[in-house]
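Since the structure comes first, as structure tokens, the remarks are kept for the end.
The values are calculated or read from the model by the stated rules, or taken from the named source; none is laboratory data. Not measured: the values here are computed from a predicted model. We place every Cβ from the backbone using ideal geometry, glycine too, and count neighbours over all the protein chains shown.
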Amino acid sequence: MSDAPFELPDAGWRRRFRRRVRTWYKRNARDLPWRGRREPYPVWVSEIMLQQTQVATVKAYFDRFVQAFPTIDSLAAAEERDVLRLWEGLGYYRRARQLHRAARIIVREHDGVFPRDVETVRGLPGIGRYTAGAVLSIAFDDRLPILETNTTRLFSRLLGCGGDPASTAGQNLLWEMAEAVLPRREVGSFNQALMELGGEICLARKPRCADCPAAPLCEANLQNLQAEIPAPKKKPAFEKVHHAAVIVRRHGRVLLLQCPDGGRWAGLWDFPRFPLNASKPAEQRRELIDHVLALTGVEIELGKRLKTIKHGVTRFRITLDCYEARFVAAGANGAKTKWLRRAELKNYPLSSTGRKLAEMA
């Protein structure tokens, strides 16, 4: 966004915009499992799941999660392993751990009742300004603005702002806009309508302007700048890496270790896995044996390569070679490890590739 001051729409524009959006939403709102529920817990769970994840993906996960943990108290009382197992495949596992931690704080400090004060809510793990506003407006109709991916795009186009919406100036302007358009009543429904409009109509590519109730009020539409607004993000540079994972077998069991705090899959369980640096086969085999010993304290006899899996994680494009091995001896090691039968693997949270390895165990 430029440093020049930007004028927000006047009161007449805002009234017309609210009226158009509400009329459209009444006719077009999707039937989602967390919609129509005014208690804060399911709203909170859905908002955390929807961070960086598509609605279609979240629907099934949401139903399973709230069935297993129907209340804040039940979530707080659960083992982290069980919480992560139900989150498995949804990705960004820190969200689940923070949700779990926040539930325990609410039980410990607020008698299991979701707080009403916005600053208190924002002090909980994993909850920022957007999530606090979404939960409190939807559950309690508090007059709080929201700004996430879809509404950022929507407001940028409505205002005709072609700069960087992630800049400080851009964020300040868009939050002002989000607050300015709020109605005095039925705020939660209106905020959901804004997200729906951004997610279903004001698409990043090929926005459906002909179906948009706000098209006559939208500067980007009037100036035919939908393709330029908001400014496209720079494509990330992907880094290719080579990893290996080893399925170590011992008397009908396989070796798993828990991923340490601070790592990509903190709290999850995994087969011994590590970057593979050597290029020659003999050197690779020696590296595999040494890495397993260093990670787990287990000496192995390396077997054959079972499979190669190609996958992506954030900015990395990973080639994962999967090997089998036989247990030889165990020494001392500080890692948290378990020997599990194949049937027991379903009870432990694994990454998506970890689950593929489990199918070969």
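The single condition among (1) within 24 Å of the chain's Cα centre (by Cα); (2) at pLDDT 95 or above; (3) not charged (D, E, K, R) that G170 does not meet is (2). Please go through the stretch 1-40 and pick out each residue that is among the aromatic types (F, W, Y) and either touching a Leu at 6+ places or on another chain (Cβ under 8 Å) or free of Cβ contacts under 8 Å to residues at least 12 places away in the same chain (or both). Across the stretch 1-40, the qualifying residues are F6, W13, F17, W24, Y25.
Scanning the stretch 320-335 for residues that are loosely packed, with under 13 Cβ neighbours inside 10 Å, touching a strand residue (DSSP E or B) at 6+ places or on another chain (Cβ under 8 Å) and aliphatic (A, V, I, L, M) yields one hit, A329. Answer with yes or no whether I247 is surrounded by 14 or more Cβ atoms within 10 Å (Cβ to Cβ), among the β-branched types (V, I, T) and under 30 Å from N347 (Cα atoms). For I247, the condition - surrounded by 14 or more Cβ atoms within 10 Å (Cβ to Cβ), among the β-branched types (V, I, T) and under 30 Å from N347 (Cα atoms) - is met. Determine if the stretch 230-250 includes at least one residue that is in contact with a helix residue (DSSP H, G or I) (Cβ under 8 Å, 6 or more places away or on another chain), within 30 Å of W24 (Cα to Cα) and not hydrophobic (A, V, I, L, M, F, W, C). Yes, there is a match, as at least one residue in the stretch 230-250 is in contact with a helix residue (DSSP H, G or I) (Cβ under 8 Å, 6 or more places away or on another chain), within 30 Å of W24 (Cα to Cα) and not hydrophobic (A, V, I, L, M, F, W, C).
Within the stretch 47-85, the set of residues being of a type in the set (D, E, K, R) and crowded, with 18+ Cβ neighbours inside 10 Å comprises E47, R85. Among the conditions (1) assigned to a helix (DSSP H, G or I); (2) exposed (fewer than 14 other Cβ atoms within 10 Å of the Cβ); (3) charged (D, E, K, R), the only one that R317 does not satisfy is (1). In summary, N333 fulfils each of the numbered conditions (1) under 28 Å from the mean Cα position of the chain (by Cα); (2) of a type outside the set (K, R); (3) part of a loop (DSSP other than H, G, I, E, B) with the single exception of condition (1).
Would you pick out the residues in the stretch 297-336 that are charged (D, E, K, R) and touching a Gly at 6+ places or on another chain (Cβ under 9 Å)? Within the stretch 297-336, E299, E324, R326 qualify.
In the set (1) surrounded by fewer than 18 Cβ atoms within 10 Å (Cβ to Cβ); (2) within 30 Å of E324 (Cα to Cα), the condition left unmet by L255 is number (1). If you go through the stretch 78-88 and keep only what is assigned to a loop (DSSP other than H, G, I, E, B) and either touching a Pro at 6+ places or on another chain (Cβ under 6 Å) or not assigned by TED's automatic domain parsing to the domain that holds E47 (or both), you end up with just E88. The set of residues in the stretch 154-207 that are of a type in the set (G, A, S) and either touching a Pro at 6+ places or on another chain (Cβ under 6 Å) or not assigned by TED's automatic domain parsing to the domain that holds Y130 (or both) comprises S156, A178. Of the residues making up the stretch 336-361, those that are surrounded by fewer than 18 Cβ atoms within 10 Å (Cβ to Cβ), under 27 Å from the mean Cα position of the chain (by Cα) and touching a residue at least 24 places away in the same chain (Cβ under 8 Å) are K336, N347, S352, R355, K356.
Does E359 qualify as being closer than 28 Å to R81 by Cβ and either in a strand (DSSP E or B) or not small (G, A, S) (or both)? Talk me through it step by step, then tell me what you get.
Details: closer than 28 Å to R81 by Cβ: yes; either in a strand (DSSP E or B) or not small (G, A, S) (or both): yes.
In short, yes.
Selection of the stretch 286-300 for residues being farther than 13 Å from A335 by Cα and in a strand (DSSP E or B) yields E299, I300. For the stretch 11-30, give me each residue that is surrounded by fewer than 13 Cβ atoms within 10 Å (Cβ to Cβ), within 17 Å of A210 (Cα to Cα) and of a type outside the set (S, T, Y). Residue satisfying the conditions is R27 alone. Only one of the numbered conditions (1) at negative phi; (2) touching a residue at least 24 places away in the same chain (Cβ under 8 Å) is not met by E186, and that is (1). Of the listed requirements (1) within 30 Å of V83 (Cβ to Cβ); (2) in contact (Cβ under 8 Å) with a residue 12 or more places away in the chain, Q226 misses just one: (1).
Across the stretch 40-77, what is the total count of residues that are part of a loop (DSSP other than H, G, I, E, B) and farther than 24 Å from T149 by Cα? Full working, then the answer.
In the first step, residues of the stretch 40-77 are kept if they are part of a loop (DSSP other than H, G, I, E, B); the result is 51-54, 69-71.
Then keep just the ones that are farther than 24 Å from T149 by Cα; that gives 69-71.
Total satisfying the criteria: 3.
For first residues located in the stretch 266-284 and without any contact (Cβ under 8 Å) to a residue 12 or more places away in the chain, partners that are acidic (D, E) and lie 6+ apart or on another chain with Cβ distances below 6 Å form the pairs A278/E287.
Set side by side, the residues G91, G36, G112 differ, and just one is in a loop (DSSP other than H, G, I, E, B), under 22 Å from W269 (Cα atoms) and either of a type outside the set (A, V, I, L, M) or assigned by TED's automatic domain parsing to the domain that holds L268 (or both), which is G91.
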